[in-house]
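Undergrad: Questions regarding the structure given below will be posed in turn.
Every number in this text was worked out from the coordinates using simple rules, so none of it is lab data. Everything numeric in this text was worked out from a predicted model, so none of it was measured. Don't worry about glycine lacking a Cβ; one is built from the backbone with ideal geometry, like all the others, and counts go over all protein chains shown.
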Amino acid sequence: MSKKKFEILESRCVPLPLENVDTDQIIPARFLSATTREGFGENLFRDWRYDKTGNKNTDFVLNNPTYSGEVLVAGKNFGSGSSREHAVWAITDYGFRVVVSSFFADIFRNNSLNNGLLPVIVPEKYLKNLLALIKKDPSTMVKIDLGKQEFSVMPDGEPIKFEINAYKKECLMKGLDDIDYLLSIKDVIIDYENSRN
Amino acid sequence: MSKQTLFDKIWDSHVVRSIEEGPDVLYIDRHFIHEVTSPQAFAGLRKRGIKVFRPEQTLATADHNIPTKDQDKPIKDEKSRIQVEQLAKNTAEFGINYFGLNHPNNGIVHVVGPELGYTLPGSTIVCGDSHTSTHGAFGAVAFGIGTSEVEMVLSTQCILQPKPKKMRINVNGALGKGVTAKDVILYIISQLSTGGATGYFVEYAGTTFKAMSMEERMTVCNMSIEMGARGGLIAPDETTFEYLKTIPAISGRADLPQLIGKWEKLKTDDGAEFDREISFDASKIKPMITYGTNPGMGMAINDTIPEVDDINPDTSASFLKSLDYMGFTPGEKLEGHTVDYVFLGSCTNGRIEDFRAFAKLVKGRKKASNITALLVPGSKLVEKQAREEGLDKILEAAGFELRQPGCSSCLAMNEDKIPAGKYAVATSNRNFEGRQGPGARTLLASPLTAAAAAITGKITDPRKFL
Ligand code: SF4
């Protein structure tokens, strides 16, 4: 089943300069009882966004109208912890299409790529500067060019290369799905099974 | 042939095809599912109009969301009930074996798989749950996956997966009195940090692991993910085979001698190379406790929380935020600090040996009056065995109650929540903010340390009681 294609994105950024943000923070377990993929965005970072009585925490970045955009810029080791794909669904449902960090947890990165959310890894120092820049000027625009595998600060920042597996890149750019691919090689899978027996 | 690690041997023999500059198509022998991460995958199958490819290789249990009391009555929370009913419906429709609530084999997915003999050496195992690494204790390549991948396995029995790098963690020597497998893994994570093994698949080797029981090995492998590792495994040996022989589904197999012959070959070749290798000395490890909000923030129980100056300046903001959440200060000593809750259970420490250890320590003593205790067996079989061994009586005499199995307070999706601001010594695997309920403060430790806290009402070195 085809997904939304990703080529070039130009957007403002939302900064989250915390390290080790785990999936329990991204979407707390008590919101995992849904049986569909939709609607998780409402509860993205729930316990940071709202206080105990359900009022908005005005100092949390998602409640700060100064910041907006489809790019989340987060501290090192983003997405550690549980394998819940709900974390990625919450981030995409909220409206993000890219997460930038210096380091991602493995399962989170796989889950992102399987849902059209692009994890962009930049060096630690670059990330620090970027966070400082966004803080100084919340209207800072960035450009993500997936084809060229380049991330840059607009209008004239030096582009920086990011890594992505060639297969996953093609899937994202063409909006393709892993399951379609696996279903298309079913004969090969059956041959493999037979060869083991 | 070149020298191979155990991980290479298992992984390579399950590669159906390698995509050029892409991931491997990895064949999955066993797939476990539960109510929380599977509904959207079944919805995907329906949307595509396809069936489950190999239903007999998948096993389902309800664990994450279920109550641990009155399991014979309908689940009160409506959303949880719907999720469990949905799993029953999905497994019936797609022909998958399901251990629902009240089934004698019900329990936490990572406790049930091994105890029923579904987890075998040399196999590939996945589940939509990051603690699937538990099964690595049997010498299997086992790891957690997301829901899109659950859908891949249901539809083709394969997933697309880049091969991780390899790390070996050696621990040698005998453990001191009161030092358990949980302390060993908490120690390793505190040394490596919570992202220290990201991108790696870990093999645990050395005399310390060799001397461990299967339950203890499962505790170790279980927490591999807490240092970011894709999974962790231990080469199968006599201990593994003896354990497997006690399981009816295995002991009855006519091909058991051949199987064991095959399993005996599952080890890393001498001279095989790892991308990273580290070693620790078992005698240095003490009973551990965590003080922060990730499992890497752990220390010996009689130690003090680090000072800000001891922390990498880049992480000091996160460090202070974490201590603020916990209500601790840098340099503070935790021993003697009041505790409100004790949780014994989860796929890390909800097995029979954990209940034996806890019961042994509290035997003849009394639960502290300020403590609320949640003692939750990992499965129906664990519960049954605990009762058969009379552990329930020992616990009751000391003022405790044995509950019914489930994930319970490990992730607090059911009503077993720790109230905001309260301290819980928990034998589970995660101390994240809000993991045990909004505002809950979790201190991870071994069942012995949990037992010591339960009778003193404070953070207490369990060695005082041994
Ligand atoms: S006990 Fe906790 S960690 Fe284990 S499967 Fe259940 S929720 Fe996950």
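Undergrad: Might you report the magnitude of the Cβ-based charge dipole of the range B:6-161 about its Cα centre, with Lys and Arg at +1 and Asp and Glu at -1, to the nearest 20 debye?
TA: So the dipole magnitude of the range B:6-161 works out to roughly 460 debye.
Undergrad: Putting +1 on Lys and Arg Cβ atoms and -1 on Asp and Glu Cβ atoms, find which of B:V16, B:A88, B:A137 reaches farthest to the positive end of the dipole of the range B:6-161.
TA: B:A88
Undergrad: Add +1 for every Lys or Arg and -1 for every Asp or Glu among the other residues with Cβ under 10 Å from the Cβ of B:F94, and state the total.
TA: +2
Undergrad: From zero outward in steps of 5 Å, how is the percent of C-alpha pairs of the range B:211-352 spread across the bins?
TA: Bin by bin from 0 Å, the calculated values are 2, 7, 11, 15, 15, 15, 11, 8, 7, 5, 3, 1, 0.
Undergrad: Moving to a separate point now. State the Kirkwood hydrodynamic radius of the range B:158-201 in Å, one decimal place, computed from all pairs of distinct Cα atoms.
TA: Over the range B:158-201, the inverse of the mean reciprocal pair distance is 12.7 Å.
Undergrad: Next question, about the same structure. Rounded to the nearest 0.05, what FRET efficiency is calculated for B:K284 and B:K333 with R0 set to 22 Å and r the Cβ-Cβ distance?
TA: So the FRET efficiency works out to roughly 0.65.
Undergrad: Out of all DSSP beta bridges in the range B:6-161, what portion is antiparallel? Express it as a percent rounded to 5.
TA: 35 percent
Undergrad: Only four residue types carry charge here, +1 at the Cβ of Lys and Arg and -1 at the Cβ of Asp and Glu. Report the dipole size of chain B about the Cα centre in Debye, rounded to the nearest 20.
TA: That gives chain B a dipole magnitude of about 860 debye.
Undergrad: Over all directions, how big on average is the projection of the convex hull of the alpha-carbon atoms in chain B, in square nanometres?
TA: With every direction weighted equally, the projected area is 22.3 nm².
Undergrad: On a 0 to 90° scale, report how tilted helix A:186-196 is relative to the longest principal axis of chain A, with both axes built from alpha carbons and the result rounded to the nearest 10.
TA: Result, in degrees: 70.
Undergrad: Would you list A:C13, B:C347 from fewest to most Cβ contacts within 10 Å?
TA: Least crowded to most crowded, the residues run A:C13, B:C347.
Undergrad: Across peptide B:195-204, what mean number of C-beta atoms from other chains lies inside 10 Å of a residue's C-beta?
TA: Mean partner-chain Cβ count within 10 Å for B:195-204: 3.
Undergrad: Shape verdict for the range B:165-284, please, from the Cα gyration tensor: rounded (a/c under 1.5), prolate (a/b greater than b/c) or oblate.
TA: Prolate shape, in that a/c is at least 1.5 and a/b is the bigger ratio.
Undergrad: Can you return the lysines within cross-link range of A:K125? Criterion is Cα-Cα under 17 Å, with same-chain partners fewer than 8 residues away left out.
TA: List returned: A:K76, A:K135, A:K136, A:K161.
Undergrad: Could you pull out every residue, at least 5 positions away or on a different chain, whose amide H is within less than 5 Å of the one on B:R168? Hs are placed 1.01 Å off N in the peptide plane, and Pro or chain starts have none.
TA: Answer set, sorted by chain and number: B:E203, B:R276, B:E277, B:I278.
Undergrad: Determine the dipole magnitude for the range B:44-133: charges of +1 sit on the beta-carbon of Lys and Arg, -1 on that of Asp and Glu, nothing else is charged, the reference point is the Cα centre, and the result goes in debye to the nearest 20.
TA: Computed about the Cα centre, the dipole is about 440 debye.
Undergrad: So what is the relative contact order for chain B, in percent, with contacts set as C-alpha pairs under 8 Å and at least six apart?
TA: Reported relative contact order: 17 percent.
Undergrad: Sort B:E35, A:E42, B:E389, A:E85 by Cβ crowding within 10 Å, fewest neighbours at the top.
TA: Listed from fewest to most nearby Cβ atoms, that is A:E42, B:E389, B:E35, A:E85.
Undergrad: Based on the Kirkwood radius over alpha-carbon pairs, what is the Stokes-Einstein translational diffusion coefficient of the range B:289-465 at 25 °C with 0.890 mPa s viscosity, in µm²/s?
TA: The diffusion coefficient I find is 152 µm²/s.
Undergrad: Return the average number of partner chain Cβ atoms within 10 angstrom of each residue Cβ along peptide B:50-62.
TA: Mean partner-chain Cβ count within 10 Å for B:50-62: 1.
Undergrad: Determine which aspartates and glutamates satisfy two conditions relative to A:K143: a Cα distance under 13 Å, and not lying fewer than 8 residues away in the same chain.
TA: A:E7, A:E10, A:E70, A:D156, A:E158
Undergrad: Please give the calculated 222 nm ellipticity per residue for chain B, where each DSSP H segment of at least 4 residues contributes -39500 (n - 2.57) and the sum is spread over every residue; nearest 500 deg cm²/dmol?
TA: Rounded to the nearest 500, it is -9000 deg cm²/dmol.
Undergrad: Right, here's the next one. If you average 1/r across every pair of different Cα atoms in chain A and take the reciprocal, what Kirkwood value do you get, in Å?
TA: The Cα-based Kirkwood calculation yields 17.9 Å.
Undergrad: Provide a whole-number value for the mean count of partner chain Cβ atoms within 10 Å of the Cβ atoms in peptide B:148-158.
TA: Taking the mean over all residues of the peptide, I get 6.
Undergrad: Could you state the orientation-averaged shadow area of the convex hull built on the Cα atoms of the protein assembly as shown, in nm² to one decimal?
TA: The number I arrive at for the protein assembly as shown is 27.8 nm².
Undergrad: PRE reach from B:D310 (point 7 Å along Cα→Cβ): which of the range B:318-342 fall under 15 Å by backbone N?
TA: Output list for this probe position: B:319-320, B:323, B:329-335.
Undergrad: Shifting gears a bit: Take every Cα pair under 8 Å in the range B:348-466 that's 6+ residues apart, average their separations, divide by the length, and report that relative contact order as a whole percent.
TA: Relative contact order for the range B:348-466 comes out at 28 percent.
Undergrad: Of the cross-linked pairs A:K174/B:K79; A:K56/B:K47; B:K286/B:K360; B:K182/B:K284, which ones have a Cα-Cα span greater than 26 Å in the structure shown?
TA: The pairs that break the limit, which is 26 Å between Cα atoms, are A:K174/B:K79; A:K56/B:K47.
Undergrad: Antiparallel DSSP bridges in the protein assembly as shown: what percent, to the nearest 5?
TA: 30 percent
Undergrad: Further, regarding this structure: Identify all aspartates and glutamates with a Cα-Cα distance to B:K89 below 15 Å; exclude those on the same chain that are fewer than 8 residues away in sequence.
TA: Answer for B:K89, where 15 Å is the Cα cut-off: B:E35, listed by chain and number.
Undergrad: Could you please rank A:K169, B:K333, placing first whichever residue has the fewest other Cβ atoms within 10 Å of its Cβ?
TA: With the sparsest Cβ surroundings first, the list reads B:K333, A:K169.
Undergrad: Moving on to the next point. In a shell of Cβ-Cβ distance under 14 Å around B:T124, excluding B:T124 itself, what net charge do Lys and Arg (+1) and Asp and Glu (-1) give?
TA: 0
Undergrad: Suppose we keep just the DSSP beta bridges with both residues in chain B; what percent of those would be antiparallel, to 5?
TA: Taking every DSSP beta bridge with both residues in chain B, the antiparallel ones total about 25 percent.
Undergrad: Can I ask one more? For Cα pairs less than 8 Å apart in space and 6+ apart in sequence, what is the mean separation divided by the residue count of chain A, i.e. the relative contact order in percent?
TA: Over chain A, the number comes to 27 percent.
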